[in-house]
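To start, the structure under review is shown below, and the notes come after it.
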Amino acid sequence: MAKSIASRAENYSQWYVDIIKKAKLAEHSAVRGSMVIRPYGFAIWENIRDQLDRMFKETGHVNAYFPLFIPKSFLSKEAAHVEGFAKECAVVTHYRLMNNPDGEGIVVDPEAKLEEELIVRPTSETIIWNSYRDWIKSYRDLPILINQWANVVRWEMRTRLFLRTAEFLWQEGHTAHATREEAIEEAERMQEVYATFAEQYMAMPVIRGTKSESERFAGALDTYTIEALMQDGKALQAGTSHFLGQNFAKAFDVKFSNEENQEEYVWATSWGVSTRLMGALIMTHSDDDGLVLPPRIAPIQVVIVPIPKPSEELDEVARQIMQDLKAAGITSQYDNDAKNRVGFKFAEHELRGIPVRIGLGMRDLENNQVEVARRDTKEKSFIPLDNLTSSLRTLLEEIQSNLFNKAVQFREEHTSRVDTMEEFESVLEDKGGFVYAHWDGSPETEEEIKNRTKATIRCIPLDAPEEEGVDLVSGKPSKRRVVFAKAY
RNA sequence: CGGGGUGUGGCGCAGUCCGGUUAGCGUACCGCGUUUGGGACGCGGGGGCCGCAGGUUCGAAUCCUGCCACCCCGACCA
C-alpha cells in the first residue's frame, strides 16, 4: 500500500505538502500560519545552517544576538522600512494576564499596558543600528561584520509550509562600513556566498542578479538576489543581500570620524536566508516517490537495510560498515527495525530522501558484496564489500553532481528568450519558467506585465550581455534583457 | 480582507440532507501466531465529552443561533 503522495502533475501544491508531512519534515501547528519543524526537517536545516555559518566565518563575520522585541518608535525611523513592514507586524501591548473576573479562564490585565508597544522583529536593522550608534565612533571601529541566527515574525495573510510562515528561522547579517564601495563589495560578496552554497551544497542552480526598484527590500538602495527555478516552473527568491547606503545610519544617527577627522555617516548592508531554503530544496529535487536530498545536505547519507530482517550476523557486518563510513566522514543509519518488511523500508527511506541505500542480505554476503541503490535515479548495483567505503564516497559525489546537473538541465529547458508580448504570454502559459526579455527600466512596464501575466521581474542578471532591443510593452529602447517569471 | 472548503480515536474518512440502541470504516497502535530479496496475512485488543458555547427536543454528531480554528484560491510578502 503506497503512502499516497499526490503526483506533481496532478496537484503540485498537494504534492509539496504531502512530501513535507509524509517525510516528517514539518507540520501545521496550533498557531495559525506557524509550523512545527520536526526532528528530521530540523536536521536538514541544521546542515544548511552549519555550512552557511562556516562560510560566514570564513568571510570574516562573527555571530551575535539582538532582542526579539523592537520598540515601536525604532521601526518608524526609516521611512521606506516601516512602509514595507508595518502591515505585517505582531505587536506586544501588555505584559501580564489575570484571572477573568467575569468567569472562566484568563484575560489580559488592562492595568498592564505597555507605555510603548513592542514589535516582534520582522527583521532587525533598526534594533541593531541602534546599537551600532554606540559602537561606532571612528573609522578604526569599522567594518563591523555581524550575523545573527534568529527567528522573526511577519504576519502574512497567506502562509505555506517553509515557503511563507508567520514565524520563520533565518540568519541576518548586518554590516557597517566606512565607504560606499566597501559596503557594495560586501553585499556582492554575500550574494556570492549564497549562490555558492545553493549550487555546491543544495545542488540548486541560481541566477545572480539585482532587483528592480519595486522588488527591492524596504530601505535598500540595491538588492542582490539569487533566484532558483522550481519544478512547477515558478521562481523562488532563495536569498537576498542588500546595499542599504546610509539610510539606517542617518535614521539612527550613526556617524564616524574618518582619517581626516571629518564626521561621516556609516554605510550598511544586510543579507539573509531563511527556512524558505527548505522549501527550495524540496521543490528542486524531489519526485513523486518522495523527498530527494543532495548528499551534502542529507542528515543521513547512507541507510543500511538488513534483508530480510536484522540478525546477529547482519548486525555485525552493518556495524563494521558504519564504522568505516564514519571514519570516512559519511553519515549512516542502520535500520534494525524487526517489524516492517524490506519493501516497506525501501519505500520509507525513499520517501525520506536518503541518497544511498545498502541492502544487506546473506545471498549477497556470500558473494562478498552488497546491493546499493541510489535515490536520485533509483538504480541498483552490486558493490564488493572490500572497497565499499570508497565506492560510496564516489557515488555520493556523483549523486550530488547529478542532482545539480539535472536541475541545470531543467532550468535550461524552462528558460526562454522572447521579443514580443504575445510570445511572452504564450511561453508563460505553456511551460512557465524564466523568461528573458527586454525592459526599458520603467515601473510602468513591470506593472503592466504583472497585471497581464502575474509574472514579475525576478532580477536583472549580473551576467546579462549588452544587447539592443525594445521593451515589450512600451516599445522603447532597451540595453539588456532581464529575467521575468511567475514567483512564489 | 474577499471567495471556497473542512472540523468525528494518531492519520484519512463515512454517518449530518431526513434526530432514535453500546458512533462506524480504513490505516496506525498493543498482544499472539504465520511470514519476510520492493509497501504481508490471520486472530484478539485498547483508544472518541463527534471544534467550542448556548438553544430546540423524551432524545442531538445530526436541527437552530453564536463563536473559534485550520486548509485551499486571490490581493500582500522571504
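The figures follow:
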item	result
Matching residues in the range A:345-374 - criterion: being more than 13 Å from A:Val305 (Cβ to Cβ), touching a helix residue (DSSP H, G or I) at 6+ places or on another chain (Cβ under 7 Å) and more than 8 Å from RNA strand B (Cβ to nearest atom)	A:Pro355, A:Arg374
Selected residue (only one of A:Ser274, A:Ser241 is open to solvent by 10 Å² or more (accessible area, probe 1.4 Å), of a type in the set (S, T, N, Q) and in contact (Cβ under 8 Å) with a residue 40 or more places away in the chain)	A:Ser274
Residue in the range A:175-193 that is within 14 Å of RNA strand B (Cβ to nearest atom) and in contact with a Phe, Trp or Tyr (Cβ under 6 Å, 6 or more places away or on another chain) present	yes
Matching strands (runs of 3 or more DSSP E) fully within the range A:424-488 where at least 1 residues are modelled with pLDDT of 90 or more, open to solvent by 20 Å² or more (accessible area, probe 1.4 Å) and more than 20 Å from A:Val408 (Cβ to Cβ)	A:456-461
Residue, most open to solvent (accessible area, probe 1.4 Å), within the range A:118-162, restricted to residues that are of a type in the set (Ser, Thr, Tyr) and under 21 Å from the mean Cα position of the chain (by Cα)	A:Thr159
First in the range A:302-328 and within 19 Å of A:Asn387 (Cβ to Cβ), second anywhere and among the small types (Gly, Ala, Ser) and open to solvent by less than 80 Å² (accessible area, probe 1.4 Å), Cβ under 6 Å, 6 or more apart	A:Val302/A:Ser332; A:Ile304/A:Ala318; A:Met322/A:Ser332; A:Leu325/A:Ser332
Identity of the residue in the range A:272-310, more than 21 Å from A:Ala195 (Cα to Cα) and under 21 Å from the mean Cα position of the chain (by Cα), that ends up nearest to RNA strand B (Cβ to nearest atom)	A:Gly290
Residue match in the range A:141-150 (condition: charged (D, E, K, R), without any contact (Cβ under 8 Å) to a residue 40 or more places away in the chain and away from RNA strand B (no atom under 13 Å from the Cβ))	no
Boolean, A:Arg296 is of a type in the set (Lys, Arg), open to solvent by 60 Å² or more (accessible area, probe 1.4 Å), within 30 Å of A:Ser7 (Cβ to Cβ) and touching a helix residue (DSSP H, G or I) at 6+ places or on another chain (Cβ under 7 Å)	yes
Output for the range A:1-17, where each listed residue is open to solvent by 20 Å² or more (accessible area, probe 1.4 Å) and either within 12 Å of RNA strand B (Cβ to nearest atom) or part of a helix (DSSP H, G or I) (or both)	A:Met1, A:Ala2, A:Lys3, A:Ser4, A:Ile5, A:Asn11, A:Tyr12, A:Ser13, A:Gln14, A:Val17
Meets criteria (buried (at least 18 other Cβ atoms within 10 Å of the Cβ), within 12 Å of RNA strand B (Cβ to nearest atom) and at pLDDT 95 or above) for A:Thr225	yes
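The values are calculated or read from the model by the stated rules, or taken from the named source; none is laboratory data. Quick caveat: nothing in here was measured; it's all calculated off a predicted structure. Don't worry about glycine lacking a Cβ; one is built from the backbone with ideal geometry, like all the others, and counts go over all protein chains shown. Protein only, heavy atoms only, side chains kept; ligands, DNA and RNA dropped before computing areas. Shrake-Rupley method; radii C 1.70, N 1.55, O 1.52, S 1.80 Å.
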